[in-house]
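These notes concern the structure reproduced below.
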Amino acid sequence: MNWIILIIAGLFEVAFAACLGKAKEATGVESTYWYIGFLVCLAISMFLLVKVTQQLPIGTAYAVWTGIGAVGTVLIGILIFKEPATFWRLFFITTLIASIIGLKVVSH
């Protein structure tokens, strides 16, 4: 169950990064709503990360959380913000995913 919560926490990390990106593009009240979304997602992500670290090793939990956030944020950048999807970006994202899976496999 802790691993599922950790994945959800990582997805909220992706959400707060996406909100930050959208807030940068928006103006006026719309920008404020995106910043509020950023703060809500940030709070949920941190709360879930703290909850998970009570059972999983902090090094593993934090590495997986940031890895999910990094992979998700790069994918959001490519799909929503039209950032380049170069071979090397995709290659290193793939190695990051492999590392996250490796941490899950070797963790107790």
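Read-outs: derived from the displayed coordinates by stated rules, not from any lab. Only a predicted model underlies this, so the values are computations on that prediction, with no experimental measurement involved. Glycine gets a Cβ as well: all are built from the backbone with ideal geometry, and neighbour counts include every protein chain shown.
Per-structure values
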{"quantity": "Neighbour-count order for Val50, Val64, fewest beta carbons within 10 angstrom listed first", "calculated": "Val50, Val64"}
{"quantity": "The chain: most fluctuating residue of Leu39, Leu96, Leu79 per GNM, C-alpha cutoff 10 Å", "calculated": "Leu79"}
{"quantity": "Helix-only CD estimate at 222 nm, as mean residue ellipticity for the chain, using -39500 (n - 2.57) per DSSP H run (n ≥ 4)", "calculated": "-29500 deg cm²/dmol"}
{"quantity": "Residues in segment 68-100 that a label on Ile8 would reach, taking backbone N under 18 Å of a point 7 Å out along Cα→Cβ", "calculated": "68-69"}
{"quantity": "Most mobile of Phe91, Phe38, Phe16 in a GNM of the chain (Cα contacts under 10 Å)", "calculated": "Phe91"}
{"quantity": "Exposure proxy ranking, count of Cβ atoms within 10 Å, fewest first, for Trp34, Trp88, Trp65", "calculated": "Trp88, Trp34, Trp65"}
{"quantity": "D (Stokes-Einstein, µm²/s), Kirkwood Cα radius, the chain, 1.567 mPa s at 4 °C", "calculated": "89 µm²/s"}
{"quantity": "Whole-number percent relative contact order across the chain, with pairs defined as alpha carbons under 8 Å at least 6 apart", "calculated": "32 percent"}
